[in-house]
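Reviewing the structure listed below.
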Amino acid sequence: MNIESPLLAHPLLVESLRPEMTIIVGILLLIIVPNLGNATVRIPMTQFRIPVFLGGERFRATSDPLIPGVISMFTLILAMASSLMTFVEGAALSTVCISANGAIQQGCTGSDYILRSDAFSRIFTSIFSFALLIGTAAMINRMPARVDAKAPHPDSSDSLKARAIHILLNNRRQGDFHLLILFVALGMNIVALSTNLFLLFVGLELASLAIYVLVAFMKEETTSGEAATKYFLTGSVSSAVTLYGMSLLYIWSGSASDYASATLNLTGPQGLAATWAAMETLEPLAAIGFGMLLVGFGFKVSAVPFHFAAPDAYSGTSSPMASILATASKAMGFAALLRVLVVMAGPELGSQAFWLPVLGLLSVVTMTWGNLAALSTENPKRMLAYSSVAHAGYLLAALAALGSGLASESTNEVLITAIVFHLLVLAFFKSGAFLILTMTEIRGDSSSMESLYGLGRRDPIIAVSMFVFMLALAGVPPLSGFLSKFLVIDGIISASTGSGSISAAGAMDWLSSVHWVFWLAVSMALNSALSLFYYLRVGQVMFFEKSKSILPLPDAPMIRITVILCLILTVISGLGPFSQTLVDMATMAAQHLLKV
Amino acid sequence: MIDPGYISGLSAILFFIGLAGAFTRKHAIIVLMCIEIMLNAVNLNFVAVAMQTGDPEGWVFISIAIAIAASEVAVGLAIFLSLYSTRETINLDEVDLLKH
């Protein structure tokens, strides 16, 4: 089916971009609703005043500080639901492409498009919405809105005054926080949808700029400014390098047609993928541009050597934001990496991609470095940050196996499925762990392991959930962390044994004949064993150390509900029918990515 | 017409000046200026291609890139201000509470 009509009048536009439209409506509501008031405008030369309902004295019902959080949560829930509709409706109906000249197609029969809504983009938009939803839910308790806030009494003591001012400040900045969260969601969705490099960059920057502000959001804390400064400077240097890489690719794409035309579209007859495939030997301009492009994505997934800002940013900012950085932001980086690596510079069957050795080396260094650093830290937020670096290493190993070009079509599918599934379940247990750190953070401090001492006695349910999240992060069966790691290792091994002759005489012969990608799987298994030490240490301090604080954990109802939700999802996505559904969704995404 | 090769050459020089500055300077605002130099070097590259192809796409990229660079400065300065209000310095060497 091929439909072409002016873009904005097209019924498919709203239908195919439902999650994005939902988020835009949410953003408009967040701007308008808290500002509704009794303002009037006088018609010039007369005494008539007409009400405009925007500004003036705000209405009591709409200026309630609780409203922004509710709007943002509902928007994200709706966005997630409409993203998941793709998998209910089936692939053929929901694959829609939009090209730069405004043509919009169902089924994507043409190829010169800049936005592509298919199972691959939709599974990522669901991950983003879910991860941001958890962050929002945690922030509702971390930065509570109080209806009963009053200005401080002039005669009260200094500490009471400071507390009243803090409550008022929290009320004032509710709208800002939730607005920025929705901008992050919109930017990330654009990254997942775009098949044009420049559009991808615009989405990346929209999400990143909002994230930089969110990292600095709790500005009364001494560490948040520092965390945001470091994260902002490294982030914007790497995105400048990325953009320079894109401009080099633009020159290269122009030079391929002798400057008759140039494009940053990945697909299409003149697209970068076609130019890449037509290249006989690796041209330096393409290689340099491509390498620079990967710097920015490497920063987003916090791979070595671009990891150095991540631990500081995670430990300096509030825990809900750290959870968003570790799940949503990382998934965004991998969505971009997969799109660019697989669609543009994917290896031909039987020949390896030029980025394979670099990526293979980086993955080993990243996972080992992340685990060693996590072993030696005494700060739980920093530990989770380093573990997030290690997890990036595991996923890069899967990408490297993909680049070896040895794997058959079905193994490639398994590898991409493994990456997508891992990012999906990571949003369950990593967010869950950060939610629990948010609770200790509300009680005072979460920047040292001591804040977790004796949690088993202070709050058994929370402590058990934390322990389950740690086991899932370590990859202990039957939790979802095990399944995702198993899929990655299985994919790598079946990719590499495609080259080795398994029936050869001895094991040593087999080992020397197997492709070196096999050793990535070995290094992953060793690293998983290493990581058990620091994950189990959390369990040890929770159940066997004496608590330094006798205070119970805060009530925080939103966080408790979300922790239980994450716990259930972590357990049921490891085994049984639900995990099968998730794997099927990830497989559908992988098929769509490979088909482009 | 100027040879586009010169434009991309100038762009490469500017980019590496910016990159070197971003890694060596210690004052946050000067690092931000270096990042701006890098982003503007990119615009020169787009100009060089857009001049030759005559395709308006390149000019569209430039105008969007300028807008992104401007919002990056706004966000950056706001973050530095919040850093200054708690630490009273924006020298990157002195900002080291989060080392462990």
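Restricting the range A:300-316 to residues that are of a type outside the set (A, V, I, L, M, F, W, C) and in a loop (DSSP other than H, G, I, E, B), the residue that is most open to solvent (accessible area, probe 1.4 Å) is A:Pro305. Residues considered: B:His27, B:His100. Of these, the only one that is open to solvent by 80 Å² or more (accessible area, probe 1.4 Å), closer than 27 Å to A:Met218 by Cα and at pLDDT 90 or above is B:His27.
When the range B:75-91 is filtered for residues that are touching a Leu at 6+ places or on another chain (Cβ under 9 Å), more than 7 Å from chain A (Cβ to nearest Cβ) and open to solvent by less than 60 Å² (accessible area, probe 1.4 Å), the ones remaining, listed by number, are B:Thr89, B:Ile90. Any residue at all in the range A:212-234 that's polar (S, T, N, Q), open to solvent by less than 10 Å² (accessible area, probe 1.4 Å) and either at the interface with another protein chain (Cβ under 7 Å from one of its Cβ atoms) or more than 17 Å from the chain's Cα centre (by Cα) (or both)? Taking every residue of the range A:212-234 in turn, at least one turns out to be polar (S, T, N, Q), open to solvent by less than 10 Å² (accessible area, probe 1.4 Å) and either at the interface with another protein chain (Cβ under 7 Å from one of its Cβ atoms) or more than 17 Å from the chain's Cα centre (by Cα) (or both). Here A:Ser253, A:Ser247 are screened, and the one residue that is part of a helix (DSSP H, G or I) and more than 8 Å from every other protein chain (Cβ to nearest Cβ) is A:Ser253.
Here A:Phe297 meets the list (1) in contact (Cβ under 8 Å) with a residue 60 or more places away in the chain; (2) surrounded by 24 or more Cβ atoms within 10 Å (Cβ to Cβ) almost entirely, failing just condition (1).
Could you list, in sequence order, all residues of the range A:259-279 that are within 9 Å of chain B (Cβ to nearest Cβ) and over 28 Å from the mean Cα position of the chain (by Cα)? Answer for the range A:259-279, where residues must be within 9 Å of chain B (Cβ to nearest Cβ) and over 28 Å from the mean Cα position of the chain (by Cα): A:Tyr259, A:Ala260, A:Ser261, A:Ala262.
Of the residues making up the range A:547-596, those that are within 30 Å of A:Pro460 (Cβ to Cβ), among the hydroxyl-bearing types (Ser, Thr, Tyr) and part of a helix (DSSP H, G or I) number 3.
Per-residue answers, yes or no, for (1) in a loop (DSSP other than H, G, I, E, B); (2) more than 22 Å from A:Ile211 (Cα to Cα):
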position: A:Ala274; (1), (2): no, yes
position: A:Glu280; (1), (2): yes, yes
position: A:Ile288; (1), (2): no, yes
position: A:Gly291; (1), (2): no, yes
position: A:Gly296; (1), (2): no, no
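Looking across A:Ala400, A:Ala427, A:Ala392, one residue alone is under 13 Å from the mean Cα position of the chain (by Cα), surrounded by 24 or more Cβ atoms within 10 Å (Cβ to Cβ) and farther than 15 Å from A:Phe482 by Cα. It is A:Ala392. Candidates A:Ser253, A:Ser319: the one that is buried (at least 22 other Cβ atoms within 10 Å of the Cβ) and within 22 Å of the chain's Cα centre (by Cα) is A:Ser319.
Looking at the structure I just gave you, is A:Thr86 more than 18 Å from the chain's Cα centre (by Cα), modelled with pLDDT under 85, among the β-branched types (Val, Ile, Thr) and not in a helix (DSSP H, G or I)? Against the criterion (more than 18 Å from the chain's Cα centre (by Cα), modelled with pLDDT under 85, among the β-branched types (Val, Ile, Thr) and not in a helix (DSSP H, G or I)), A:Thr86 does not qualify.
Considering only helices (runs of 4 or more DSSP H) fully contained in the range A:96-195, which possess at least 3 residues that are in contact (Cβ under 8 Å) with a residue 40 or more places away in the chain, buried (at least 24 other Cβ atoms within 10 Å of the Cβ) and out of contact with any Leu (no Cβ under 7 Å at 6 or more places or on another chain)?
The helices (runs of 4 or more DSSP H) meeting that bar are A:119-142, A:174-193.
Remark: A:Glu409 matches the filter, which requires a residue to be among the charged types (D, E, K, R), surrounded by fewer than 22 Cβ atoms within 10 Å (Cβ to Cβ) and under 30 Å from A:Val583 (Cα atoms).
Since A:Leu206 meets every condition but one in (1) out of contact with any strand residue (DSSP E or B) (no Cβ under 7 Å at 6 or more places or on another chain); (2) open to solvent by less than 20 Å² (accessible area, probe 1.4 Å); (3) closer than 17 Å to A:Gly333 by Cβ, which condition does it not meet? The single condition A:Leu206 does not satisfy is (2). Among the residues of the range A:538-576, which ones are modelled with pLDDT of 90 or more, within 30 Å of A:Ile493 (Cβ to Cβ) and open to solvent by 60 Å² or more (accessible area, probe 1.4 Å)? Scanning the range A:538-576 gives A:Val571, A:Ile572. Within the range A:13-61, the residues that satisfy the criterion of being in a loop (DSSP other than H, G, I, E, B), under 29 Å from A:Arg173 (Cβ atoms) and either in contact with a Phe, Trp or Tyr (Cβ under 6 Å, 6 or more places away or on another chain) or touching a residue at least 12 places away in the same chain (Cβ under 8 Å) (or both) are A:Asn38, A:Ala39, A:Val52, A:Phe53, A:Gly55, A:Gly56, A:Glu57, A:Phe59.
Here's the yes/no breakdown for (1) in a helix (DSSP H, G or I); (2) under 16 Å from the mean Cα position of the chain (by Cα); (3) more than 7 Å from chain A (Cβ to nearest Cβ):
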{"residue": "B:Phe15", "(1), (2), (3)": "yes, yes, no"}
{"residue": "B:Gly21", "(1), (2), (3)": "yes, yes, yes"}
{"residue": "B:Ile29", "(1), (2), (3)": "yes, yes, yes"}
{"residue": "B:Cys34", "(1), (2), (3)": "yes, yes, yes"}
{"residue": "B:Asn45", "(1), (2), (3)": "yes, yes, no"}
{"residue": "B:Trp59", "(1), (2), (3)": "yes, no, yes"}
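The values are calculated or read from the model by the stated rules, or taken from the named source; none is laboratory data. This is a predicted model, so every value here is computed, not measured. FYI the Cβ positions are ideal-geometry reconstructions off the backbone, even for glycines, and counts take in every protein chain you see. In case anyone asks, the SASA skips ligands and DNA or RNA and just uses the protein heavy atoms, side chains included. Shrake-Rupley method; radii C 1.70, N 1.55, O 1.52, S 1.80 Å.
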